[in-house]
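A.B. asks: The structure that follows is given in the form of structure tokens.
The values are calculated or read from the model by the stated rules, or taken from the named source; none is laboratory data. Only a predicted model underlies this, so the values are computations on that prediction, with no experimental measurement involved. Reconstructed Cβ throughout: ideal geometry from the backbone, glycine too, with neighbour counts over all protein chains shown. SASA here: full protein model, heavy atoms, side chains in, ligands and nucleic acids out. Shrake-Rupley method; radii C 1.70, N 1.55, O 1.52, S 1.80 Å.
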Amino acid sequence: MNKAKVSILVSGIMSLFTAVYPALAENWVYMGKADTGEDISVDADSIYAGKEGKRFIYTIGNETLHAAANCNNNTWYVLEYDTTYSPQSNATQQMLVYVCQY
């Protein structure tokens with residue numbers, strides 16, 4: 001299976017899980033504002049250790065995203081975009097610190 005198919009499959013499973021168990025995605029912790037001015041929050045109940053790093057759900061603005069933090073190199077991977085990001089604001093740095101210490 002290629003990377004894109006795996007990413008879509010994992011994203012679909014995570015979306016289904018969140019839809020079936022909405023109470024598990026209700027503990028939002030505000031991290032601050034991104035450089036774009038959008039609010040960033042992390043669902044504290046979604047954080048767990050996975051093979052790819054710490055898995056978690058976060059919001060930026062009106063968008064909810066599924067991610068995996070690589071705590072060793074201060075980055076996170078967003079499943080929906082198949083992209084790795086590094087902090088560009090205090091809020092995204094705080095998000096990584098929060099997720100990695102959990």
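A.B. asks: Give me a count of the residues in the stretch 55-94 that are assigned to a loop (DSSP other than H, G, I, E, B) and touching a Lys or Arg at 6+ places or on another chain (Cβ under 8 Å). Write out each step before concluding.
C.D. replies: Keep residues of the stretch 55-94 that are assigned to a loop (DSSP other than H, G, I, E, B), which gives 61-62, 71-74, 82, 86-89.
Applying the additional criterion that residues be touching a Lys or Arg at 6+ places or on another chain (Cβ under 8 Å) yields 71, 82, 89.
The qualifying residues number 3.
A.B. asks: Out of the stretch 23-34, which residues are in a loop (DSSP other than H, G, I, E, B) and either open to solvent by less than 40 Å² (accessible area, probe 1.4 Å) or at pLDDT below 95 (or both)?
C.D. replies: Looking only at the stretch 23-34, we keep the residues that are in a loop (DSSP other than H, G, I, E, B), and these are 26-27, 34.
Listed by number, the residues that qualify are GLU26, ALA34.
A.B. asks: Sort out which residues of the stretch 65-102 are open to solvent by 60 Å² or more (accessible area, probe 1.4 Å) and in contact (Cβ under 8 Å) with a residue 40 or more places away in the chain, and write them in order of number.
C.D. replies: Selection gives GLU80, ASP82, GLN88, ASN90, GLN94, TYR102.
A.B. asks: Return the residue satisfying two criteria in turn: it lies in the stretch 48-63 and is hydroxyl-bearing (Ser, Thr, Tyr) and either over 21 Å from LYS33 (Cβ atoms) or touching a helix residue (DSSP H, G or I) at 6+ places or on another chain (Cβ under 8 Å) (or both), and of such residues it is surrounded by the fewest Cβ atoms within 10 Å (Cβ to Cβ).
C.D. replies: TYR48
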